[in-house]
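Notes for the one structure printed next.
What follows is calculated from the coordinates using simple rules that are stated; it is not laboratory data. No experiment lies behind these values; they were computed from the predicted model shown. Ideal geometry is used to build each Cβ from the backbone, glycine not excepted, and the neighbour counts take in all protein chains shown.
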Amino acid sequence: MAEVEPSGTDLKFKRILLKISGEALMGSSEYGIDMPTCLRFAQEISDACETTGAEICLVIGGGNIFRGLAGAANGMERSQADSMGMMATIMNALAMQSALETIGVQTRVQSGIRMDEICEPFIRRRAIRHMEKGRVVIFAAGTGNPYFTTDTGAALRAAEMHCDAMLKGTQVDGVYSADPKLDKDAVRYDHLTYQDVLARNLRVMDASAVSLMRDTNIPIVVFSLHRKGALLDILTGQGLSTVISEG
């Protein structure tokens, strides 16, 4: 992606971390990575960067390939299972890097587990410099440690990168009181506090991730990544979403 002068569009968030579930990369498949879906997400990211000049980093889950908790539930040793889950996030990160670079977006993958032949190790200052130069950075392998989810890894990286917000792309356009696909009376919230999420057990993301965002005062914005232009709308303060913040 060639350097593009920002259009002057007012930005609500200049630097963001976008969290995407691994399942989102499956598209209509039941397992694995659907490259047309990756390319669609990549185009959303490219459009947002080019239009606004925002700095974007990503964390992608690994549930489309392997879930550590599921492996542990089936009798696998938890640390081993989580290590396999971290490998799945690296596979997804490389797939998304390929999609982004296919459409001309300079991208770097940094891993919490050293895999020097295929990606960079996580180095905080280098990641910040990449974003300052207009590159998209994808953080893989979570924190590099077992017993931590990719939600917690995303919250940690958002804090380390001094992000203005963590955006969580989901299947629906915000946080609801119940699953809107199962309960027609489910209520969508425009705003919640961190404590609301924790006290009501709304399962936006795990409690440790929400607590870290509260402690670092970084808002969480939950929105649907499946609507065309949704990421750009969120960056400019438009579109449907639920904002989770202190007040």
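Computed quantities for the displayed model
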read-out	value
Dipole magnitude (debye, nearest 20) for the chain, charges at Cβ of Lys, Arg, Asp, Glu	280
Segment 38-117-segment 170-231 distance, computed between alpha-carbon centres (Å)	21
Förster-model FRET efficiency, 35 Å R0, Y31 and N201, C-beta, rounded to 0.05	0.75
Close Lys-Lys pairs in the chain, where close means Cα under 22 Å and separation is 8 or more or interchain	13
Coil-residue GluC sites (Glu not before Pro) of segment 96-142, DSSP, other Cβ within 10 Å capped at 16	E117
Segment 15-245: relative contact order in percent, alpha carbon pairs under 8 Å with at least 6 residues between	21
Amide H partners (placed H, <5 Å) of L167, local residues excluded	L17, L18, K19, V221
Per-residue [θ]222 nm for the chain (sum of -39500 (n - 2.57) over DSSP H runs n ≥ 4, rounded to 500)	-11500 deg cm²/dmol
Cβ crowding within 10 Å averaged over residues, with 138-148, 213-223 ranked highest first	138-148, 213-223
Mean Kyte hydropathy of -1.0 or more with a Cα span along the axis of at least 27 Å, helices from DSSP in the chain	78-102
